[in-house]
Structures are given as structure tokens and as C-alpha cells.
């Protein structure tokens, strides 16, 4: 269950991020820690890698904005970082970087049924995600590709 202030904090982080050439892509509250930790994940708006300097430059103004908005009344630690490359591929850069890697595409047909399709990622273009499935090229229309995620290579034939 998301923290009740997550949406408000994400909106605030997004406003502050724009001024720093960043995009806030996620906010998470780790309430099991003492003090609570607030993690804010950012990406650079230009698609370049997020550096430690980017995170540090954003952290101060974000902390000031949180304090000014009086969103949090308990002690907290603010962590700003890049989401890095996750299991799920989303950006064009990630699709390009992981060409040839094993992926699972979750497909949704016109009836709303979902089913997985595994293969080696060839590419994603404006119309389709292309996989190599046992030497055969399979084109999955982008509107059917709900999620594409990296998977572990299978052992054996």
C-alpha cells in the first residue's frame, strides 16, 4: 500500500526536478527505517546518465521544497538516486543496450487476455518489438506489448 503522501511528494519532486534538467520517476517511503527514508528516483530529461553530482545538486533544493511545503512532520532521511537499469525495459536506450538479451514480453490481445512471449531482444521500433524465438523473428505490435522485462537465460537446449 503506497504511503498517503507519495503522490503529493512526487508532484513536488517533479516540479523541482524540471528546474534541474531531471524528471522524477518514483518516490518511495521506507517507513520501517528509523528515521523514515524517503527515496526519490530521477532520470535526466536529456536521456544521459544521472551522475552523483546531479543527485547532490537536486537533493538540497528538493529538501528545502519539502520543508517549505510542510509535507512531512516526522524525521526522515532523503535519498536521491537514479533508478538505474531495472528488470523492466522502458526507454529506447534500455532497448538498445539490451539487444540480444533474453526477455519476456507480456502481450495483451484484443480481449484483454495476457500471455508471455520469451525470446532474445532484437529491437523495438515505432510499430513493434522484435524477438528472436529459436531462430525465428517474431514481431509483437507495440500496442500488444504491455511489459518487456529481462529474464535469466535458460540452461540447456
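The values are calculated or read from the model by the stated rules, or taken from the named source; none is laboratory data. From a predicted model like this one, the values you see are computed outputs, not experimental measurements. Using ideal geometry, Cβ is built from the backbone for each residue, glycine included, and neighbour counts are taken over all protein chains shown.
How many residues does region 29-53 hold that are surrounded by 15 or more Cβ atoms within 10 Å (Cβ to Cβ) and either in a helix (DSSP H, G or I) or within 14 Å of the chain's Cα centre (by Cα) (or both)?
Count: 7.
Give me the residue from region 54-95 that is in a loop (DSSP other than H, G, I, E, B) and over 22 Å from the mean Cα position of the chain (by Cα) and, out of that set, nearest to residue 9 (Cα to Cα). Explain how you work it out, then say what you get.
The first filter runs over region 54-95 and keeps only residues in a loop (DSSP other than H, G, I, E, B), leaving 70-75, 82-87, 89-91.
From what is left, the residues that are over 22 Å from the mean Cα position of the chain (by Cα) are 70-75.
On the way: 70: 11, 71: 7, 72: 9, 73: 13, 74: 14, 75: 15 Å.
Selected residue: 71.
Among the residues in region 106-116, are any farther than 14 Å from residue 88 by Cα, touching a helix residue (DSSP H, G or I) at 6+ places or on another chain (Cβ under 9 Å) and either touching a residue at least 12 places away in the same chain (Cβ under 8 Å) or part of a strand (DSSP E or B) (or both)?
No, region 106-116 contains no residue that is farther than 14 Å from residue 88 by Cα, touching a helix residue (DSSP H, G or I) at 6+ places or on another chain (Cβ under 9 Å) and either touching a residue at least 12 places away in the same chain (Cβ under 8 Å) or part of a strand (DSSP E or B) (or both).
Of all residues in region 65-118, which are at pLDDT 90 or above and at positive phi?
Scanning region 65-118 gives 70, 100.
Condition test on residue 21, is it on the phi > 0 side of the Ramachandran plot and surrounded by 11 or more Cβ atoms within 10 Å (Cβ to Cβ)? Step through it out loud before you land on a result.
Numbers: on the phi > 0 side of the Ramachandran plot: yes; surrounded by 11 or more Cβ atoms within 10 Å (Cβ to Cβ): yes.
For residue 21, the condition - on the phi > 0 side of the Ramachandran plot and surrounded by 11 or more Cβ atoms within 10 Å (Cβ to Cβ) - is met.
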